[in-house]
Amino acid sequence: MRHRYWTFAMLVLCGGAFAQSAAEAEKHDMELVGYDDLQGRSAYQPLVHRQGDRWIAYIGHHGGRSRNPLSGAEEPNGTSILDVTDPKSPRYLAHIPGEPGKDEAGGAQMARVCDGSELPKGDKGKVYLLRNYGDTAHEIWDVTDPTKPARLATVVDKLKGTHKSWWECDTGIAFLVSGVEGWRARRHPQVYDLSDPAKPLFIRNFGLPGHEPGASGPVPSTLHGPISTGAKHNRVYFAYGANSRGVLQIVDREKLLNGPKEPTPGNLVYPQVSRLDLPPQFGAHTAFPVLGMEIAEFAKDKDARKRDIVVVTGETFRNECQEARQMVIFVDVTDETRPVGVSSWAVPEKSGDFCTRGGRFGTHSSNESFAPIYYRRILFFAHFNAGVRALDIRDPFRPKEIAYYIPAVTARTEKRCVGKGTEERCKIAIQTNNVEVDERGYIYAVDRANTGMHILRLTGAAREAMK
């Protein structure tokens with residue numbers, strides 16, 4: 001069923017950011033623990049995985065080139081691998097080159113990692129990395145020894161688009177962001193069984209009606225990324241339209257895997273539980289489910305004391321506020337067939353004169369970890385030139401910012417420009433691109449403008465929200 005219900009409540013919620021020199025960070029109840037410049041590569045997705053008694057960070061990169069001091073060679077941006085067991089002293093272990101090309105057309109932006117001991121048919125002694133290879137393929141790498149990654153298999157190639165996929169380690173099911181020739185969308189879902197990473201098995205193609213081959217009329221928004229809650233909760237949350245015409249699609253996982261697979265409009269709708277189309281100016285980059293929330297405000301209510309929420313974050317595209325502002329939308333999906341927006345949040349521009357600082361200002365993404373240390377309590381958001389922002393979400397109807405960290409620029413930070421020719425102007429600004437957390441509570445923020453990775457932790461009053 002398709003829904004266009006919308007409740008919009010803009011909350012002006014955050015502490016102000018203060019002016020600084022270029023060599024200083026801005027912060028409130030969040031501090032820097034460790035740092036790595038990631039060889040000056042534009043970074044997209046960080047993921048931190050516990051491997052035995054070590055914690056290993058896998059960083060996906062946008063396209064570009066940089067020198068790898070470990071090999072002495074200029075290499076296309078791909079995947080950085082770092083040991084962050086001691087977060088104060090991260091150690092760069094390896095770089096896996098990606099597809100040659102710039103920005104979205106190259107690199108290896110996405111990283112997911114599973115232990116063979118958890119995968120149903122994996123080698124119990126191995127660790128596996130699923131990544132995209134630029135816009136053209138998805139690959140599996142053996143990263144059991146993270147200093148010596150080895151390519152194991154190509155899941156699928158000859159694609160026209162890829163992005164941020166999801167891999168269920170306990171089942172091996174992977175929801176890939178792909179673009180298959182003949183399909184009308186540059187990016188749409190593909191489903192694979194990667195329970196044996198060496199032998200990928202194709203299950204089906206999927207997408208919104210209008211994505212499929214032979215369709216006519218306007219092409220619906222393209223997929224940005226899925227998040228699955230696995231077999232137990234039986235839902236997959238798809239976010240389409242990262243910057244505009246955002247769509248949240250809630251899908252019955254079992255019906256998606258086992259339902260009719262021929263890409264007809266009816267078969268594409270069959271596993272859909274509901275669909276929420278956002279107003280045209282709002283994007284859906286990340287759709288993160290926060291389920292079973294017991295909200296103190298409703299503790300004495302007879303009904304609906306517990307709520308299911310999906311946090312939808314849009315991505316800002318243009319520098320210096322040259323478009324509609326992207327933000328965070330909290331969607332109540334307690335009744336899944338009638339999703340409704342109940343609140344919103346974004347950093348107030350005047351708190352740091354962010355539209356004049358240079359680069360993008362607005363949201364990009366939330367963390368995607370279900371680790372209990374933060375789940376249902378705190379979410380972290382990458383906010384480009386406003387850095388990392390921490391929100392107390394225990395009352396999703398009234399989310400409240402409790403901490404932030406805006407890193408300092410460095411000599412590697414790349415300028416960002418607006419205008420053309422004689423009207424072009426450029427500025428150097430932090431561009432915090434994505435953020436993730438680990439089970440120890442450390443926060444990992446990576447920068448789009450080549451500034452590197454900042455490892456952070458909450459301090460002061462913000463640490464109380466972790467308890």
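The values are calculated or read from the model by the stated rules, or taken from the named source; none is laboratory data. As the structure is a computational prediction, the values presented were derived from the model and not from experiment. With ideal geometry, Cβ positions are generated from the backbone for all residues, glycine too; neighbour counts draw on all protein chains shown. These area figures cover heavy atoms from the full protein model, side chains too; ligands, DNA and RNA do not enter into them. Shrake-Rupley method; radii C 1.70, N 1.55, O 1.52, S 1.80 Å.
With respect to being surrounded by fewer than 18 Cβ atoms within 10 Å (Cβ to Cβ), modelled with pLDDT of 95 or more and out of contact with any Gly (no Cβ under 8 Å at 6 or more places or on another chain), Gln322 fits the description. The residue of the stretch 133-182 that is surrounded by the most Cβ atoms within 10 Å (Cβ to Cβ), among those that are among the polar types (S, T, N, Q) and within 18 Å of Ser228 (Cα to Cα), is Ser178. Restricted to the stretch 257-312, and to residues that are open to solvent by 20 Å² or more (accessible area, probe 1.4 Å) and among the aromatic types (Phe, Trp, Tyr), which residue is farthest from His233 (Cα to Cα)? The residue in question is Phe298. Screening Val84 on (1) over 22 Å from Asn433 (Cα atoms); (2) surrounded by 21 or more Cβ atoms within 10 Å (Cβ to Cβ) shows it passes everything except condition (1). The set of residues in the stretch 58-89 that are assigned to a loop (DSSP other than H, G, I, E, B) and farther than 21 Å from Glu414 by Cβ comprises Leu70, Ser71, Gly72, Val84, Thr85, Asp86, Pro87, Lys88, Ser89. Cβ separations smaller than 9 Å between residues 6+ apart or across chains give the following pairs from the stretch 242-258 residues that are over 21 Å from Glu323 (Cα atoms) to residues that are of a type in the set (D, E, K, R) and open to solvent by less than 10 Å² (accessible area, probe 1.4 Å): Leu256/Arg204; Leu257/Arg204. Could you please let me know if Arg235 is open to solvent by less than 50 Å² (accessible area, probe 1.4 Å) and in contact with an Asp or Glu (Cβ under 9 Å, 6 or more places away or on another chain)? So Arg235 passes the test. Here Phe202 fulfils each of the conditions (1) open to solvent by 50 Å² or more (accessible area, probe 1.4 Å); (2) assigned to a loop (DSSP other than H, G, I, E, B) apart from (2). Pairing residues of the stretch 276-302 that are on the phi < 0 side of the Ramachandran plot with residues that are open to solvent by 80 Å² or more (accessible area, probe 1.4 Å) and in a loop (DSSP other than H, G, I, E, B), at Cβ distances under 6 Å and at least 6 apart in sequence or on separate chains, gives Asp277/Arg4; Pro280/Arg245; Val290/Arg376; Met293/Arg376; Phe298/Arg305. Name the residues in the stretch 132-156 that are within 18 Å of Phe202 (Cβ to Cβ) and either in contact with a His (Cβ under 8 Å, 6 or more places away or on another chain) or of a type in the set (Ser, Thr, Tyr) (or both), would you? Within the stretch 132-156, Asn132, Tyr133, Thr136, Thr154, Val155, Val156 meet the criteria. The strands (runs of 3 or more DSSP E) falling completely within the stretch 351-467 that include 2 or more residues that are open to solvent by less than 10 Å² (accessible area, probe 1.4 Å) map to 361-366, 378-384, 388-392, 400-406, 432-437, 443-447, 453-458.
Evaluate the following for Thr316: is it part of a loop (DSSP other than H, G, I, E, B), more than 30 Å from Cys417 (Cβ to Cβ) and among the β-branched types (Val, Ile, Thr)? So Thr316 does not fit the description; no. The residues in the stretch 7-53 that are among the aliphatic types (A, V, I, L, M), at pLDDT 95 or above and open to solvent by 30 Å² or more (accessible area, probe 1.4 Å) can be counted, and the count is 2. Only one of the numbered conditions (1) in contact (Cβ under 8 Å) with a residue 24 or more places away in the chain; (2) open to solvent by 10 Å² or more (accessible area, probe 1.4 Å) is not met by Thr79, and that is (2). For Ser244, the stated conditions hold: it is open to solvent by 30 Å² or more (accessible area, probe 1.4 Å) and hydroxyl-bearing (Ser, Thr, Tyr). As a summary of the residue check, Gly214 satisfies the conditions (1) within 21 Å of Gly172 (Cα to Cα); (2) over 24 Å from the mean Cα position of the chain (by Cα) except for the one numbered (1).
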